[in-house]
1. Counting only residues that are of a type in the set (D, E) and open to solvent by 20 Å² or more (accessible area, probe 1.4 Å), which one in the range 57-102 is farthest from the chain's Cα centre (by Cα)?
2. Of the residues A22, A7, which is under 12 Å from E80 (Cα atoms) and either basic (K, R) or open to solvent by 40 Å² or more (accessible area, probe 1.4 Å) (or both)?
3. Just need a number here: residues in the range 18-56 that are farther than 20 Å from D8 by Cβ and within 11 Å of the chain's Cα centre (by Cα).
4. Testing R68 on (1) within 17 Å of L18 (Cα to Cα); (2) in contact with a Pro (Cβ under 9 Å, 6 or more places away or on another chain); (3) charged (D, E, K, R); (4) at pLDDT 95 or above, one condition comes back false. Which one is that?
5. Before we move on, is R43 outside any loop (DSSP other than H, G, I, E, B) and open to solvent by 90 Å² or more (accessible area, probe 1.4 Å)?
Amino acid sequence: MPLVDRADSLIERTRGLLGRPAPAPGEGLLLRRCGAIHTIGMRYVIDLVFLDRQERVVGLTPALAPFRFSWHRQAAATVELRAGEIARLGLMKGEQWVWESL
């Protein structure tokens, strides 16, 4: 599982990775209460992992290009990752994620 930062406020969730540099390999951004992502204004491609309320992976969107949109109806949270991380980490639908604090 990647090392993720959290976007907790409405403003942070709305912004997501917009205006930030691409995450490093193995890093991402967790957006709770978020089941849809757009990449309008993004300058790079990202991978998306959609999680349900039990932190299970319910959807994966690899390589979402700028000015695109992706959503999953069961998602309660979304993790934005560097493009290629879904494949590199071998992430799969149905996985149960467990968060650890650092």
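The values are calculated or read from the model by the stated rules, or taken from the named source; none is laboratory data. What you see is a predicted model, and the numbers here were worked out from it, not measured in a lab. All Cβ positions, even for glycine, are placed from backbone atoms using ideal geometry, and neighbour counts span all protein chains on display. The accessibility values were calculated without ligands, DNA or RNA, using every heavy atom of the protein model including side chains. Shrake-Rupley method; radii C 1.70, N 1.55, O 1.52, S 1.80 Å.
1. Initial filter on the range 57-102 (of a type in the set (D, E)): 80, 85, 95, 100.
Imposing the further condition that a residue be open to solvent by 20 Å² or more (accessible area, probe 1.4 Å) reduces the set to 95, 100.
Details: E95: 15, E100: 17 Å.
Looking at residues that are of a type in the set (D, E) and open to solvent by 20 Å² or more (accessible area, probe 1.4 Å), I get E100.
2. Working: A7 fails: either basic (K, R) or open to solvent by 40 Å² or more (accessible area, probe 1.4 Å) (or both).
When all the criteria are applied, what remains is A22.
3. Counting residues in the range 18-56 that are farther than 20 Å from D8 by Cβ and within 11 Å of the chain's Cα centre (by Cα) gives 1.
4. R68 satisfies every listed condition except (2).
5. Working: outside any loop (DSSP other than H, G, I, E, B): no; open to solvent by 90 Å² or more (accessible area, probe 1.4 Å): yes.
For R43, the condition - outside any loop (DSSP other than H, G, I, E, B) and open to solvent by 90 Å² or more (accessible area, probe 1.4 Å) - is not met.
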